[in-house]
Amino acid sequence: MLAFWRMTPPALCLSNGNRSGFCCRASSLQSHENSDQINDRKSKKKKIVIIGSGWAGLGAAHHLCKQGFDITVLDGGNGFGGPDDVCMQGFWYPYQNIFSLVDELGIKPFTPWMKSAQYSEEGLEVEFPIFQDLSQLPTPLGTLFYSQFSRLPLVDRLTTLPLMAAVIDFDNTDTAWRKYDSITARELFKQFGCSERLYGDVIDPLLQVGLFAPAEQCSAAATLGILYYIILAHQKNFDVLWCRGTLREKIFVPWIDSMRSRGCEFLDGRRVTGLSYDEETGRISEVVCGKETYNADAVILAVGISTLQELIMNSAVLCTREEFLKVLNLAGIDVVIVKLRFDRKVIIPNASNACSGFGGSFAWTFFDLNQIYDEHKDDSVTVIQADFYHANELLPLNDEQVIAKAMSNLSKCIKDFNTATVIDQEIRRSPRSLTHFFPGSYKYMMRGSTSFPNLFMAGDWITTRHGSWSQERSYVTGLEAANRVVDYLEDGSFAKIIPVEEDEPHIEALRSLNRRLNELRTQIPLSDYFLQ
């Protein structure tokens, strides 16, 4: 009887500079295999253990399982996608890698592009249009010209222009990060002549909902990075859309299902308690979860700062390395999420709204879920979600006190909330769940590779030269970690990472000139004598 064979053509993957030449794979599999043959073939696959199941961990798993590796994803018990689904975060125009993933999965989880607004205690401050629908102006003129400021005079808005000198100087290099990371965002705006009113009514609130902390507690480097990426690089970058339900429901569940169909294993409730170290090879050999262990040829740590700090404190292996001990200096930000259903319909002009200056050190956002979530589209009453960032003042309050605070703030933004009654509520407290980019934090952050040759890192707090932020940054670092595994194991193809859009010509010209001036400045005698 003739056997039927399926031939797979060789796969070629180019070197990324760390590996020379090509890697070629050719496989010819018999159409009928017994269970022993299948188990034997599976046992020969390189085993990758990924710790964490947010954008970073799933991004790495997605690419590596397509390369034929034996992938196990461990989640600590908060549910897959947990840390990345803490609060509502938008998907900005430059999130091209995430948009590409969604297209690949064949899902449609997003709303159309939506307008947004910003409020202070005195009411509406500014409304942001859909910028890509308007005539394109050179950066930063489009953002200044088209944003509809309710109370801020033009002269105050123009005080943002001197800041472009710092934007041009900050080119996301290691040198730029070290130069600006040591000062606060408030000091940065003060140095470049920002008006008091612009800072208090617009800049500080934007930062508090972008970096989740007051400007005096945010790194100037992180501030310049996120402002340029989302607002200043290109006029259309400030356009945002939202997930039409929770991330877990709309994106993570179908994404995980697609990986399961390729053999990726997802294990929930596996809290990692340690790592086993092979002294002979210098590599991590196992991931330990209590009494269970998982063999690994490579490991990717894709968890938040607080989770990693807990693991470091309990791991005799990680405590031996300075790069991990430095992580203990980093910090997370507390978040309180309040979801409220009212007894009537309240008209909310914009689906997403940023707020600040309500008598606390926290900032907050509120969202009209009737406009965003599919499940609330046809509700006869209003459903909103309010997310409070840097919410350490709210954590010890009971539910009634938190709701009273939320209602007081909402009523100052939308007057009709004064006559609405809460008929249902849901409150979630998430201590230390978001990354805090505080002044001086850069020197404690980790690179994607570690001193363990088979241990790699991913997450929104990992240093990367890609230039992206937030969810896109997490996903990109997951792809970068996957590429490091491919390079280390010398097997598979590299993930394609879409770079951020190039600078506009006038910005690129100014940055080239600035780099040349900086090079000349270093040649001046005693140029490095004074504190920079």
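Check segment 205-227 and report whether any residue there is aromatic (F, W, Y) and in a helix (DSSP H, G or I).
Restricting attention to segment 205-227, the residues satisfying the condition of being aromatic (F, W, Y) are 212.
Keeping just the survivors that are in a helix (DSSP H, G or I) gives none.
The answer is no; no qualifying residue exists.
Identify all residues within segment 184-227 that are under 17 Å from E121 (Cβ atoms) and within 21 Å of the chain's Cα centre (by Cα); write none if there are none.
If we filter segment 184-227 for residues that are under 17 Å from E121 (Cβ atoms), which is where we start, we get 196-206, 208-209, 214.
Of everything in segment 184-227, those that are under 17 Å from E121 (Cβ atoms) and within 21 Å of the chain's Cα centre (by Cα) turn out to be I203, D204, P205, L206, Q208, V209, P214.
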- What tally of residues in segment 177-192 results from selecting those that are more than 25 Å from L158 (Cα to Cα) and assigned to a helix (DSSP H, G or I)? 3
- Message: From the list V253, V287, V272, exactly one residue is open to solvent by less than 10 Å² (accessible area, probe 1.4 Å) and either farther than 30 Å from E508 by Cα or out of contact with any Lys or Arg (no Cβ under 9 Å at 6 or more places or on another chain) (or both). Which is it?
- Response: V287
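Can you pull out every residue in segment 228-247 that is in a helix (DSSP H, G or I) and under 20 Å from L144 (Cβ atoms)?
Y228, Y229, I230, I231, L232, Q235, K236, N237, F238
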- The residue that is most open to solvent (accessible area, probe 1.4 Å), considering only those in segment 342-397 that are closer than 20 Å to E121 by Cα and among the polar types (S, T, N, Q), is S361
- Total residues in segment 153-198, condition among the polar types (S, T, N, Q), out of contact with any Cys (no Cβ under 8 Å at 6 or more places or on another chain) and open to solvent by less than 50 Å² (accessible area, probe 1.4 Å): 2
- Task: Go through segment 188-203 and give me each residue that's on the phi < 0 side of the Ramachandran plot and in contact with a helix residue (DSSP H, G or I) (Cβ under 7 Å, 6 or more places away or on another chain).
- Result: L188, F189, F192, C194, S195, R197, L198, Y199, I203
- Kindly indicate whether any position in segment 63-83 is open to solvent by 10 Å² or more (accessible area, probe 1.4 Å), assigned to a helix (DSSP H, G or I) and modelled with pLDDT under 65. yes
- Query: Which is surrounded by fewer than 18 Cβ atoms within 10 Å (Cβ to Cβ), farther than 16 Å from Y199 by Cα and without any contact (Cβ under 8 Å) to a residue 60 or more places away in the chain, of S150, S135?
  - Reply: S135
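The values are calculated or read from the model by the stated rules, or taken from the named source; none is laboratory data. In this text, all values refer to a predicted model and were calculated from it rather than measured experimentally. Ideal geometry is used to build each Cβ from the backbone, glycine not excepted, and the neighbour counts take in all protein chains shown. These accessible areas exclude ligands, DNA and RNA; they are computed on the full protein's heavy atoms, side chains included. Shrake-Rupley method; radii C 1.70, N 1.55, O 1.52, S 1.80 Å.
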